[in-house]
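Since the structure comes first, as structure tokens, the remarks are kept for the end.
The values are calculated or read from the model by the stated rules, or taken from the named source; none is laboratory data. Here the structure is a predicted model, which means the values were calculated and not measured. A quick note on method: Cβ atoms are made from the backbone with ideal geometry, for glycine too, and the neighbour counts reach across all protein chains shown.
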Amino acid sequence: MRRDLALALLLSLTLSPGAPPAAAKDAPPPEPPRGADLLRELEAAGRLSVEPPPATAGPPVVLRGGTVMTAGGETFSPGYVVLADGRVAAVGPGEPGTVPEGAVVLDVTGRHVTPGLIDTHSHLGVYPAPDARAHSDGNEATAPTTPGVWAEHSFWPEDPQIDLALAGGVTTLQALPGSANLVGGRGAVVHLVPARGSRAMLLPGAPGTLKMACGENPKRVYGTRQQAPSTRMGNLRALRQALLAAKHYEETWDAWSRKKAKHERDEAGKKSKKGKGGEGGPEPFPEPAPERDLDKETLAALLRGDLLAQVHCYRADDMLAFLQVADELGFRVRSFHHALEAYKVRDVLAARGVGVSTWADWWGFKLEARDGIPENLALVAEAGGRAIVHSDSPTGIQRLNQEAAKGLAAGRRAGIRLTEDDALRWITANPAWALGIDHLVGALRPGLRADVVVWDGSPFSVYTRAEKVFVDGVLRHDAGSPGIGSDALRGLEVEP
């Protein structure tokens, strides 16, 4: 803002009558690095993986003859999809014009082909199987706000539930901390490709996310300990206090970085005056950098838009209250999760571009979940909002397609006009948007990652199963073969 004002003032002086032309030397100096930039550099240095990410390798694959549902408004029956070099190379109606050299051509007549499914709300890896206290790593329930913890540090890549999710057609999921805390910590957007460490499973190019919560859970967890927050008003006070402290934290870093930049400019000026023969080097900046605070650092990243807020919230009034805090402090909510009363404020959520990650028909398990209706997804979609089916369950994640089908049927019974493409988007394109990865996955479109599911029937039938699941163009699940990898490319007719 100050730079814009300086430029405007300079321009007004230049254009005023009688004012001499501005010389290049009078231009304002470039902005010094902000504290936010330095914090980004520190964070990037702390996110390096010891283990290299899995390589995407495998022969080109052509899927032809099936019903291709792109999740982009087009369905081709029959159609084709070409996978090469880990990407969708081509998609369209009829037969492919060209087939890559060495491609495996699979006749999928009678099958449906869709993008890989995406779950925005999972606790796989952080609450792995078998269920045991030793495996309970999802809630750092030691303080009402714990933004400095990251789900990737709890995520166990050997969780056997991951393979079951893959068998259900899921290729990407967001593993989240639990909802005991107002700010539970950072989420981990992982690709279901085997790796030894969680960081190697992170989807490259996915922005960071932050799990937050409102309503009953935080006030119950801490109220029963006779500490704040114990009420909804206590929830919002604690949240505002934490965000205000983070704002001050980044301002402190900004002030330090500007002082350091000024010192370096002054020292450079002194050296130029002394000439090349000057003795001694520049004086180092004497003031040490502010002490890092990982909790405040994460919330500062949220405030400047580097993290996408994923907010556990059931009631309509709680969603409105949370949006008011977001407006006050200057951040945006990317998606409300669970959101059983989203239908009551669907116009507000649609106008603000807030996604709704919810279930088809889970309700009634606590007081704030009493007013859920099965038409929730359909009503949000009808209002122009981004409806999303999530699981929050190691079993529900295995049948996201059936959950979408239930939401589709409920909406149609209520007279809401919905297509199967709309319902498919609830488990592909829309969750990709909510996670900020729709430029990578979530649709069958050339250039996107080759995450593809071949279903043995309509994906909206209870009798259908995911027959083949490709991640980055590599076959990772084959219901008709015990093997995984190139040997699993059987069970369908393979053409020469």
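The residues of the range 37-55 that are closer than 15 Å to Ala450 by Cα and either surrounded by fewer than 16 Cβ atoms within 10 Å (Cβ to Cβ) or touching a Phe, Trp or Tyr at 6+ places or on another chain (Cβ under 8 Å) (or both) amount to a single one, Ala55.
Of all residues in the range 375-404, those satisfying the criterion of being in contact with a helix residue (DSSP H, G or I) (Cβ under 7 Å, 6 or more places away or on another chain) and either charged (D, E, K, R) or over 19 Å from Ser335 (Cα atoms) (or both) are Glu375, Arg386, Pro394, Gly396, Gln398, Glu403.
Inside the range 376-401, residues that are among the acidic types (Asp, Glu), closer than 16 Å to Gly73 by Cα and part of a loop (DSSP other than H, G, I, E, B) make up a count of 0.
The residue of the range 402-418 that is surrounded by the most Cβ atoms within 10 Å (Cβ to Cβ), among those that are out of contact with any Gly (no Cβ under 9 Å at 6 or more places or on another chain) and part of a loop (DSSP other than H, G, I, E, B), is Ile416.
Restricting attention to the range 423-437, which residues are part of a loop (DSSP other than H, G, I, E, B) and crowded, with 21+ Cβ neighbours inside 10 Å? I'd like the intermediate steps shown before the answer.
Our first condition is that a residue be part of a loop (DSSP other than H, G, I, E, B); within the range 423-437, this holds for 426-428, 435-437.
Passing the criteria: Trp426, Ile427, Thr428, Leu435, Ile437.
Return the residues of the range 342-391 that are touching a Pro at 6+ places or on another chain (Cβ under 6 Å) and surrounded by 20 or more Cβ atoms within 10 Å (Cβ to Cβ); say none if nothing qualifies. Quick ask: steps written out before the conclusion?
Step one: of the range 342-391, the residues touching a Pro at 6+ places or on another chain (Cβ under 6 Å) are 361, 388.
Once the filter is applied, which keeps residues that are touching a Pro at 6+ places or on another chain (Cβ under 6 Å) and surrounded by 20 or more Cβ atoms within 10 Å (Cβ to Cβ), the range 342-391 yields only Ile388.
Of the residues Val189, Val193, Val221, the single one that is over 21 Å from Leu308 (Cβ atoms), in contact with a strand residue (DSSP E or B) (Cβ under 6 Å, 6 or more places away or on another chain) and surrounded by 16 or more Cβ atoms within 10 Å (Cβ to Cβ) is Val193.
Residues that are part of a loop (DSSP other than H, G, I, E, B) and under 25 Å from His112 (Cα atoms) within the range 157-171 comprise Gly168, Gly169, listed in sequence order.
I'd like to know if the range 256-279 contains one or more residues that are in contact with a helix residue (DSSP H, G or I) (Cβ under 8 Å, 6 or more places away or on another chain), part of a loop (DSSP other than H, G, I, E, B), small (Gly, Ala, Ser) and modelled with pLDDT under 95. Yes, the conditions are met somewhere in the range 256-279.
The C-beta contact set for the range 326-346 (first residue assigned to a loop (DSSP other than H, G, I, E, B), second residue aromatic (Phe, Trp, Tyr), distance under 9 angstrom, 6+ apart or interchain) comprises Ala339/Tyr314; Leu340/Tyr314; Leu340/Trp359; Leu340/Trp362; Leu340/Trp363; Glu341/Tyr314. Can you say whether Val113 is assigned to a strand (DSSP E or B), under 18 Å from Pro446 (Cα atoms) and either of a type in the set (A, V, I, L, M, F, W, C) or out of contact with any strand residue (DSSP E or B) (no Cβ under 6 Å at 6 or more places or on another chain) (or both), as far as the supplied structure shows? For Val113, the condition - assigned to a strand (DSSP E or B), under 18 Å from Pro446 (Cα atoms) and either of a type in the set (A, V, I, L, M, F, W, C) or out of contact with any strand residue (DSSP E or B) (no Cβ under 6 Å at 6 or more places or on another chain) (or both) - is met.
Could you grab the pairs with beta carbons closer than 8 Å, sequence gap of 6+ or different chains, first residue in the range 283-299 and modelled with pLDDT of 95 or more, second one of a type in the set (S, T, N, Q) and in a loop (DSSP other than H, G, I, E, B)? That search, which allows pairs on different chains as well, returns Asp295/Thr146.
Of the listed requirements (1) within 30 Å of Pro160 (Cβ to Cβ); (2) touching a Pro at 6+ places or on another chain (Cβ under 6 Å); (3) not hydrophobic (A, V, I, L, M, F, W, C), Gly102 misses just one: (1). For the range 438-474, filtered to residues that are farther than 19 Å from Val193 by Cα and among the β-branched types (Val, Ile, Thr), the residue that is surrounded by the fewest Cβ atoms within 10 Å (Cβ to Cβ) is Val462. Restricting to the range 394-422, name every residue that is over 18 Å from Trp433 (Cβ atoms), more than 18 Å from the chain's Cα centre (by Cα) and in contact (Cβ under 8 Å) with a residue 60 or more places away in the chain. Matches in the range 394-422: Pro394, Gln398, Arg399, Asn401, Gln402, Glu420.
This table checks each residue for (1) surrounded by 24 or more Cβ atoms within 10 Å (Cβ to Cβ); (2) among the β-branched types (Val, Ile, Thr); (3) within 17 Å of Asp472 (Cα to Cα).
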| site | (1), (2), (3) |
| --- | --- |
| Gly79 | yes, no, no |
| Pro93 | no, no, no |
| Pro100 | no, no, yes |
| Val104 | no, yes, yes |
| Ile118 | yes, yes, yes |
